[in-house]
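A.B. asks: Below is one structure. I have some questions about it.
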């Protein structure tokens, strides 16, 4: 694809939400989307790919925005660190490569509050939509 200087949508932030929105918008092949991310693409970085090395990203300004809360009165005015990913994938890159699905009861409580279309059965197809399985290469199987 050649250079494109005009886009239908510009998404600021290449985290989980921004990339999902970009993906959904580009389901229409006529739509051009630009995703702008302040961090780098670290998809091949061992700190990102190895769950046990995630602590090496926390507090590291190359990977983490190093946000802190305001002083918390109930915690002797301590500020609490809020790791925020500074890379393509956003904070999802700082999560030990884990995904925890919400439980049915929690999701169904949204619908019980009057939010039609927000029950577990309504959202389950979207939970499944983003999950993919990549088979190992043949060399790994051998």
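Read the figures in this text as sums done on the coordinates, not as results from a lab. What you are looking at is a predicted structure, and each value in this text was computed from that prediction instead of being measured. Methodologically, a virtual Cβ is constructed for each residue, glycine included, from the backbone with ideal geometry; neighbour enumeration extends over all protein chains shown.
A.B. asks: Take every Cα pair under 8 Å in the chain that's 6+ residues apart, average their separations, divide by the length, and report that relative contact order as a whole percent.
C.D. replies: Once divided by the residue count of the chain, the mean separation gives 18 percent.
A.B. asks: Calculate the length of the line joining the C-alpha centroid of the range 1-31 to that of the range 87-115, in whole Å.
C.D. replies: That distance is 23 Å.
A.B. asks: Roughly speaking, what is the stretch gain from residue 103 to residue 31, that is 0.36 nm per residue apart minus the C-alpha to C-alpha distance, in nm to one decimal?
C.D. replies: Computed gain between residue 103 and residue 31 is 22.5 nm.
A.B. asks: Per the helix-only calculation at 222 nm, which mean residue ellipticity applies to the chain, given -39500 (n - 2.57) for every DSSP H run of n ≥ 4 and division by its residues, nearest 500 deg cm²/dmol?
C.D. replies: Value at 222 nm, helices only, nearest 500: -7000 deg cm²/dmol.
A.B. asks: Once a ≥ b ≥ c are taken as the square roots of the eigenvalues of the Cα gyration tensor of the chain, is the result rounded (a/c under 1.5), prolate (a/b larger than b/c) or oblate (a/b not larger than b/c)?
C.D. replies: rounded
A.B. asks: Per residue, how much space in cubic angstrom lies within the convex hull of the C-alpha atoms of the range 1-57?
C.D. replies: 116 Å³
A.B. asks: Looking at the square roots a ≥ b ≥ c of the eigenvalues of the Cα gyration tensor of the range 43-97, which shape do they give, rounded for a/c under 1.5, prolate if a/b is larger than b/c, or oblate?
C.D. replies: prolate
A.B. asks: Measure off 7 Å from each Cα along the Cα-to-Cβ vector at residue 77 and residue 17, then give the distance between these two points in nanometres to one decimal.
C.D. replies: 3.2 nm
A.B. asks: Hey, another quick one. By average Cβ neighbour count within 10 Å, what is the ranking of 35-44, 79-88, 120-129 from highest down?
C.D. replies: 79-88, 35-44, 120-129
A.B. asks: Where in the range 45-64 does the label zone of residue 96 land, with the point 7 angstrom along Cα→C-beta and an amide N cut-off under 16 Å?
C.D. replies: 48-58
A.B. asks: In addition: Checking the a/c ratio against 1.5 first, then a/b against b/c, what shape does the Cα gyration tensor give for the range 85-128?
C.D. replies: prolate
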